[in-house]
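The values are calculated or read from the model by the stated rules, or taken from the named source; none is laboratory data. This is a predicted model, so every value here is computed, not measured. Because the Cβ atoms are built from the backbone with ideal geometry, glycine has one as well, and the counts that use them run over all protein chains shown. Note: accessible area is taken over every heavy atom of the protein model, side chains too, but ligands, DNA and RNA are not part of it. Shrake-Rupley method; radii C 1.70, N 1.55, O 1.52, S 1.80 Å.
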Amino acid sequence: MTKQEVTYQAAGVDTAEGARAVDAIKETVHSTYRPEVVGDIGGFGGLFSIAAAKDMAEPLLVSGTDGVGTKLKVAQLAGKHGTVGIDLVAMCVNDILACGAEPLFFLDYIAIGKLRKEHVAEVVAGIGEGCRQAGCALIGGEMAEHPGVMDPDDYDLSGFTVGVVDKPKMLDPESVSEGDVLIGLASSGLHSNGYSLARKVCVEGKSRKELLTPVEALDGQSVADALLTPTRIYVKQVLGTLKTCPGAVRALAHITGGGISENLNRALNERVDAQVDLGTWPVPAVAKYVCDAAELSEPQALKTFNMGVGMILIVDPARAEEVEAALAEAGEKTYRVGRIVSGTGEVQYTGEGNLYGYQG
């Protein structure tokens with residue numbers, strides 16, 4: 001019996017569509033380029049000059065990697081893919097910002113069941129927007145078609161960033177002292193954490209029409225739009241403040257999965273505690289909506305979602321107003337959310353029961 005040839009395309013991988021997808025994203029990629037980018041996409045590796053670091057006393061490269069998690073399932077159910085790329089960049093660049101690093105470049109990895117250039121272009125447009133917001137260059141990536149492993153409309157995203165910081169200017173938890181002030185930066189919503197819970201209580205069993213219907217408790221947004229609000233990228237605002245107010249910021253915590261309870265402690269040393277005052281910032285409607293639907297207790301809410309605070313700066317008390325003014329000038333909403341006290345590296349709360357009690 002004569003064997004029939006089985007091509008790569010017959011096995012489910014369309015390399016021609018992959019080439020078309022690359023062509024479709026070139027303009028987005030080029031829009032993120034910085035002067036340090038060498039060459040163009042399409043090579044086996046992305047090239048980036050680090051000549052700018054020659055003026056630093058002791059330059060350190062800082063890397064970070066992350067994904068978007070199950071928030072992607074909400075995007076897929078709603079048929080809205082334009083913002084999850086922003087989330088991908090945000091989760092990486094906000095992390096390396098925690099030590100004061102400037103993100104230089106970014107790479108992405110897209111695994112997808114069935115490659116369609118329009119679909120990929122929409123996702124990458126969001127990645128490009130995130131890179132522009134962060135000031136980093138998208139210098140490479142990978143699109144992998146996974147027939148038989150993923151459903152045709154399913155996809156997953158991973159990202160990787162590299163930044164640089166001058167060691168003498170690096171933010172360091174060891175410098176945090178009793179009396180320092182906690183300044184919170186407003187989040188845009190849930191950002192990209194807690195979505196397994198959010199989907200279980202707010203998405204499962206609902207039709208696309210229900211997900212896209214405005215909800216009064218969400219200030220007129222639909223569940224899909226509220227849950228797909230992209231993660232805030234704080235890079236330019238915070239780096240600008242660090243330059244304007246040198247030495248004023250001791251350390252910084254990116255509030256991601258685990259909430260304030262399990263992230264702020266990462267910015268502390270073993271001699272101090274962070275004392276957070278509940279009710280000193282507004283909780284976004286989407287956070288309250290999800291927590292109410294899940295009947296979460298206050299402690300559980302605080303270690304699941306950011307609850308309205310995407311980043312917390314630990315600041316010299318004598319310079320707190322200076323830092324707040326610089327952040328306000330950069331367009332950030334800030335809140336005095338607590339202080340540093342003597343302790344053992346833990347997060348404490350005051351005003352228990354008042355999480356939703358912000359008065360403005």
For region 229-305, just the Cα set please: Rg and Dmax, both in angstrom. 14.9, 44
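For region 89-212, what is the relative contact order in percent, using Cα pairs closer than 8 Å and at least 6 residues apart in sequence?
Details: 135 pairs, mean separation 43.2, N = 124.
With pairs under 8 Å counted, the relative contact order is 35 percent.
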Residues whose placed amide H lies under 5 Å from that of Val309, excluding near-sequence neighbours: Ser187
³J(HN,Hα) computed for each position of region 106-122 - Karplus, 6.51 cos²θ - 1.76 cosθ + 1.60, integer Hz, glycine/proline x: 9, 10, 10, 9, 10, 9, 9, x, 9, 6, 10, 4, 5, 5, 5, 4, 5
Over region 17-120, one equal point on each Cα, no solvent: what is log10 I(q)/I(0) by the Debye formula at q = 0.11 Å⁻¹? -0.44
Solvent exposure, largest accessible area first (probe 1.4 Å, DNA, RNA and ligands not counted), of Val201, Val29: Val201, Val29
Quick one: how many Å² of Arg339 are accessible to a 1.4 Å probe, rounded to 10? 90
Where the centre of each part is set by its Cα atoms, how far does region 170-227 sit from region 277-298, in angstrom? 9
Given N residues in region 288-347, what is its alpha carbon radius of gyration divided by 2.2 N^0.38 Å? 1.43
Rh by Kirkwood over Cα pairs, then Stokes-Einstein D for region 168-221 at 1.002 mPa s and 20 °C, µm²/s: 139
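Once neighbouring chains are kept in place and the probe is 1.4 Å, which whole percent of the accessible area of region 77-119 is contributed by carbon and sulfur?
For region 77-119, the apolar C and S fraction of the accessible surface comes to 60 percent.
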Given H placed 1.01 Å from N in the peptide plane, which residues other than close sequence neighbours of Gln348 have an amide H under 5 Å from its amide H? Ala274, Gln275, Val276
For Ser222, list long-range residues whose amide hydrogen, built 1.01 Å from N in the peptide plane, is under 5 Å from its own amide hydrogen. Val215
Just in region 234-299: which GluC sites (Glu not before Pro) are loop by DSSP and have at most 14 other Cβ atoms within 10 Å? Glu270, Glu295
Enumerate the calculated ³J(HN,Hα) couplings along region 56-69 in order (Karplus 6.51 cos²θ - 1.76 cosθ + 1.60, θ = phi - 60°), each rounded to whole Hz, writing x wherever the residue is Gly or Pro. 8, 5, 8, x, 10, 7, 10, 10, x, 9, 6, x, 9, x
What are the extents of the Cα atoms of region 126-284 along their three principal axes, listed from largest to smallest and rounded to whole Å? 51, 42, 28
Picking from Thr32, Thr229, Thr350, which is most flexible by a Gaussian network model of the chain using Cα springs under 10 Å? Thr350
Kindly report the accessible area of the chain per residue (heavy atoms of protein chains, probe 1.4 Å, no ligands, DNA or RNA), in Å². 45
May I have the extent of the alpha carbons of region 43-183 along their three principal axes, as whole Å values ordered from largest to smallest? 52, 39, 24
For region 262-340, averaging the sequence separation of alpha carbon pairs under 8 Å that lie six or more residues apart and dividing by its residue count, the contact order in percent is 47
Mean residue ellipticity (222 nm) of the chain, computed from DSSP H runs ≥ 4 via -39,500 (n - 2.57), nearest 500: -8500 deg cm²/dmol
Compute the Rg to Rh ratio over region 251-360 from the alpha carbon atoms, using the Kirkwood formula for Rh, and round to two decimal places. 0.96
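How large is the charge dipole for the chain, taken about the Cα centre, if only the Cβ atoms of Lys, Arg (+1) and Asp, Glu (-1) carry charge, to the nearest 20 debye? Don't skip to the end; give the middle numbers.
Values: 31 positive and 48 negative charges, 76 e Å.
That gives a dipole near 360 debye.
Expressed as a rounded percentage, what relative contact order does region 173-289 have, with Cα pairs under 8 Å and six or more residues apart? Before the final figure, lay out each step's value.
Values: 97 pairs, mean separation 43.6, N = 117.
In percent, rounded to a whole number, it is 37.
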Karplus couplings for region 177-191 from phi (6.51 cos²θ - 1.76 cosθ + 1.60, θ = phi - 60°), rounded to Hz, Gly and Pro as x? 10, 4, x, 4, 9, 9, 10, x, 9, 4, 8, 9, x, 6, 6
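What are the semi-axes of the equivalent ellipsoid for region 113-171, taken as the square roots of 5 times the Cα gyration tensor eigenvalues, largest first, in whole Å? Working shown, then result.
Values: eigenvalues 196, 36, 13 Å².
In descending order the semi-axes read 31, 13, 8 Å.
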For the chain, which span is the longest to avoid every loop-located (per DSSP) member of chymotrypsin sites (Phe, Trp or Tyr not before Pro) having at most 13 other Cβ atoms inside 10 Å? 45-360
Rg/Rh over Cα atoms for region 37-96, Kirkwood Rh, comes to 1.12
